[in-house]
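Since the structure comes first, as structure tokens, the remarks are kept for the end.
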Amino acid sequence: MNESETRVQLIDKRLLNADWNVSDLTQVISEYTIRGSSILSDASSPYKTTQFSDYILLGRDGKPLAVVEAKRSSKDAELGREQAKQYAQRIADESDIPLPFCFYTNGADIFFWDIGNHPPRKIHAFPTREDLERLRHIQTYQIPLSHQLIDTDIAGRDYQIGAIRSVMEGIEKKRRNFLLVMATGTGKTRTTIALVDALMKAGVVKRTLFLVDRIALREQAIDAFKEHLPNEPLFPKFGEKSFVKDRRIYVSTYPSMLNIIRDEVQSLSSHFFDLIVVDESHRSIYNTYGEIFEYFDAMRLGLTATPTNIIDHNTFELFDCEDGLPTFAFSYEEALIHEPPYLCDFQVMKIKTTFQDEGINKRTITLEDQKRLMLEGKEVEEIDFEGSDIEKRVINKGTNKLIIQTFMDESIKDSDGVLPAKTIFFCMTKAHARRMEKLFNELYPEYMGELAKVMVSDDSRVYGKGGLLDQFKNRNMPRVAISVGMLDTGVDVRELSNLVFAKPIYSYTRFWQMIGRGTRLLEPSNMKPWCLEKGHFLIMDCWDNFEYFKLNPKGKELTNSIPLPVKLCEIRINKIEEALKRDPNMAKKEIEKLKAECGNLPLGSIVIKDAKGELNKLTDEFWSSLDEQKIYFLHSKIEPLFKTMVGVDFKAMRFEKDMLEASLSKLKDDQKAYTKQTQKIVKQIEELPLTINIVANHQEVIKEVLKPNFWVSATDEQLDGVSEELSPLMQYRELSTNREGETHLNLKDRLAPKEMVEFGADNESVSISKYKEMVEEKIAQLLEENEILQKLKNGQEVNSDEVEVLANLLKDESLNITIDLLRRVYQNREAPFLKFIRHILGLEVLKNFPDTVNDSIDQFIAEHTTLTSKQLEFLNLLRKFLINNGAIKKKDLVSMPFTTIDSKGILGIFPPKEINQIFELAKELVA
């Protein structure tokens, strides 16, 4: 196509998709005349003083908003870059208006250049008039972010302010992508809300999209925005289903937003949002929903709790960060060592049963159970399972019963000491979860089924006001949430005091996300009667997960998993290729299926739109003469498009994939692979519960395919028939908790010796706190008989001789209580001996040195609300320096470690007035 044809057939249509009608002169002027000389003019050209811009997009005031430079489809769109810039500058000069936005395109690729604000970038589609006028309004009225205050009532901790300032400074430097790495429980959502609030007040952002991966997290995020920004219009309101365009904050799950952008009837501009927040950013999100990020042209903010050293390269790349260097990071260890801590530490109890450790076999089954099994007609010698087979090949009620009873005995209890505090049980499968729930009810009937509840994502009873999750968060009962995946990440319940790992975990990221459920501290202003204190939380590890991650710090090596629809397409193409050599009729049948599957690709997907050229090649002529080159084309160009398939019945598709794989093995005469695959298929069919009517309607087919000789003689047509008839039934496999093919036992299991281990950032603090506890107990004992302590308690004065007598007495006690030890334990280097004793007796509060330093620096930060991230980093380093050294000189502030932030130390970071304030503050603290 030449340029004129490109404009008519491609560019005009793409402009119309963004509501720009090229025939309406109030919207678009084509061949807009630009007079005057230009550096692009050729001296020999008759148009050296007159040029024509291909399109001018007009605002509602009739003034030019944007320039669009067109190139023919066979040329690189970027060849129009400088031309578009020259036209924009000339129009701005002629019309005395702000510099118009620049676009240049060849009909396929569109580039957007906001000259003077951001470098050019490729975009999915043209913005609408409303989009461009919003961008122009932002440019005109936004205020410098360095002057914008942060609402510290929403996010006032030093690291939260630091995270917000880091993003705001990045925006000032024209960056558009940011990644915050903050430990679970440190307030990623609150930090984000405070950032959004600041950006909206500064006029930098008008609309924000907050993306989450589950409905429960969407409801949680909506509640948080309502609490902290109650006056900002929010979507969705309760009960809202249809998308509306009049809000400022939008909260959505990934699948919902994907459906919205694919909706061709009610289209949403790809420039609708100014900021997109990606909660729990990790690779699987982008593999499945990357289309969302390709579609929208907006600033991106990624949030993750995954430790920096575990985050994969692709995540850093998506947010334009160097590997290992996010925009801002605040770790679990940093949160723990702060005084007072920002997060809760934990203890781990390893629970290992005999069967888990040594397997279920004649050697480990008790004699009593062996006798019972023999009376039931079972051969004890035939029972032989590995520990790892439990809840997979073998279900033993006794093992689950023992885990629950141990939990009830050893768990952290509520203030009454009877019921366990709020707890999550992490189970392997939904069937496993249902078994645990049933056992809780059998073992503890006095709680009438209210103690423990299963919470899984596909159960509608979990969601909404009064739903199971809401009950777990806000009511006394249930105390135990039994989860399969749903509560692993994101869900916030501050009162969680016990976590039970009733399954093995292999992902280090998921492992820490699960631990993060318990790390939140209680909120003094919102205490729940069933949890009035939380010093630490308890993890009961039933599968040696902590031991596994000691040996494998990063867990199992992650592999790039192929989406199921892509795998199905790959096998289909392989079968076509093989059938073309062996059975042309079979090849024809499979080609028709592949053609139909290609026809079902989502046309609203931008991936499919971008691949329109490849899909248009799939003509009847293409299919009728498949050769090696065309097979390669199908694999390389068409097969990857199937990743766009979402919202399908994946359980049915997985069964169809297994059947297709088996039929391919049979076609290739690979008997070994065919036997292995059919055994897998038979196992799935055996798990179909005939007690469900819709499954029972197909029992004749089910019984037929369970006969061994069926698979020996089955034709390709018969295999297709099985696939078509049974695939839709696979969704019912999970409903059966007592599936055929599993061995169900009820054998008595025994508990291996319990092992308590401390696990935290600072193991020494545990021993110090224990010592402090012992000192306070000792002084409480001595108070009953020691006259000097009694005088102090009664408010009477004691003289120096009595103080010395008391000091010697305590030193001679078994605890060897000395002034040096007291100063170490209570972290106060200056207080005299008597002050410690008065503090222990409850007569006065002894503020420790770290608390004094932290309070003073926190107050300084609160009083200076426009501090930059560099200044906040300096103050946090000063905080650590003072606590660790207990002294400071002026020259220290221009030496290491402060010169790691700026080569001039404090001189390169603060103005003179604030330098003096900081040094005076530091001198007072160490005086």
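The values are calculated or read from the model by the stated rules, or taken from the named source; none is laboratory data. Owing to the predicted nature of the structure, the values given are computational and were not obtained by experimental measurement. Cβ atoms come from the backbone with ideal geometry, glycine included; neighbour counts cover every protein chain shown. Just the protein is used for accessible areas: all its heavy atoms, side chains included, with ligands, DNA and RNA removed. Shrake-Rupley method; radii C 1.70, N 1.55, O 1.52, S 1.80 Å.
If we restrict to alpha carbons, what Rg and Dmax does the range 557-658 come to, in Å?
13.8, 44
Please report the Cα spread of the range 484-546 along all three principal axes, rounded to whole Å, starting with the longest.
38, 20, 17
Counting residues in the range 85-140 as N, plug N into 2.2 N^0.38 Å and put the Cα Rg over that result.
Taking the Cα Rg and dividing by 2.2 N^0.38 Å, one obtains 1.14.
I need the peptides 195-203, 577-585 ranked by packing, meaning the mean over residues of other C-beta atoms within 10 angstrom, with the highest value on top.
Most protected by this proxy first, the peptides run 195-203, 577-585.
What's the Kirkwood radius of the range 45-204 in Å, using all Cα pairs?
That comes to 18.1 Å for the range 45-204.
At 0.36 nm per residue, and after removing the present C-alpha to C-alpha distance, how many nm does the segment from Y141 to Q781 gain when stretched out fully?
223.5 nm
If we sort 517-524, 800-807 on the protection proxy, mean other Cβ atoms within 10 Å, highest first, what's the order?
Peptide ranking by packing, descending: 517-524, 800-807.
Determine ³J(HN,Hα), in whole Hz, for all residues of the range 467-479 in sequence, where each value follows from phi through the Karplus function 6.51 cos²θ - 1.76 cosθ + 1.60 and θ = phi - 60°; x replaces Gly and Pro.
x, 4, 5, 4, 4, 4, 6, 10, 10, 4, 10, x, 8
Just how much of W543 is accessible, in Å², when a 1.4 Å probe is used and the result is rounded to the nearest 10?
Accessible area of W543: about 40 Å².
Probe of 1.4 angstrom, ligands and nucleic acids ignored: what's the accessible area per residue over the range 113-261, in square angstrom?
Averaged over the residues of the range 113-261, the accessible area is 39 Å².
Would you mind pulling out the separation of the Cα centroids of the range 462-533 and the range 870-927, in Å?
The two parts, judged by their Cα centres, are 41 Å apart.
Evaluate the distance, in nm, between pseudo-label points positioned 7 Å from the Cα of Y732 and of H744 along their respective Cα→Cβ axes.
Taking the two extended label points, one gets 1.8 nm.
Give me the tail of P(r) for the range 834-927 as a percent: Cα-Cα pairs with distance above 19 Å.
Cα-Cα pairs of the range 834-927 separated by over 19 Å account for 43 percent.
Of the listed peptides 887-893, 834-840, what is their order by residue-averaged count of other C-beta atoms within 10 Å, with the highest listed first?
834-840, 887-893
Could you compute how much accessible surface L690 exposes when probed at 1.4 Å, giving the result in Å² to the nearest 10?
Taking all protein chains as shown, L690 has close to 70 Å².
Between the range 122-167 and the range 265-279, how many Å separate their Cα centres?
Result: 16 Å between the Cα centres.
How many Å² of accessible area per residue for the range 800-926, probe 1.4 Å?
53
Beyond 26 Å between alpha-carbons counts as too far, so tell me which of K589/K617; K617/K676; K651/K676; K226/K465; K174/K206 fall in that bin.
Cα-Cα > 26 Å for K617/K676; rest within.
Keeping all protein chains in position, work out how much accessible area F549 exposes to a 1.4 Å probe, and write it in Å² to the nearest 10.
Here the residue's solvent-accessible area equals roughly 20 Å².
What length, rounded to one decimal in nm, is gained on full extension from E773 through to Q629, with 0.36 nm per residue of separation minus their alpha-carbon distance?
Working it through step by step, the gained length comes to 44.1 nm.
Can you list residues whose amide H is under 5 Å from L745's amide H, if they're 5+ apart or on another chain and H is modeled 1.01 Å from N?
Long-range HN contacts for L745: I395, N396, K397.
Within the range 645-696, report the GluC sites (Glu not before Pro) that DSSP leaves as loop and that have at most 16 other Cβ atoms within 10 Å.
none
Skipping prolines and chain starts, which residues have an amide H placed within reach, meaning under 5 Å, of the one on V454, given they are 5 or more residues away or on another chain?
I482
What GluC sites (Glu not before Pro) in the range 329-426 are in a loop by DSSP, with at most 16 other Cβ atoms within 10 Å of the Cβ?
Sparse-neighbourhood loop GluC sites (Glu not before Pro): E376, E379, E386.
Before anything else, pin down the relative contact order of the range 358-406: Cα pairs under 8 Å, at least 6 apart, normalised by residue count, whole percent.
40
Considering Cα pairs under 8 angstrom that are at least six residues apart, work out the relative contact order of the range 409-549 and quote it in whole percent.
29
At 1.4 Å probe size, with the rest of the protein present, what percent of the exposed accessible area of the chain is carbon and sulfur atoms?
Answer for the chain is 49 percent, counting heavy atoms of protein chains only.
Please sort by residue number the trypsin sites (Lys or Arg not before Pro) in the range 93-131 whose DSSP state is loop and whose Cβ has at most 13 other Cβ atoms within 10 Å.
none
Match the structure shown to one of the listed values (1) 67.4; (2) 51.4; (3) 46.3 of mean projected area of the Cα convex hull in nm², computed from it, and give that label.
So the calculated entry is the one marked (2).
Just want to confirm a number: the relative contact order over the chain, from Cα pairs under 8 angstrom separated by 6+ residues, in percent.
With pairs under 8 Å counted, the relative contact order is 10 percent.
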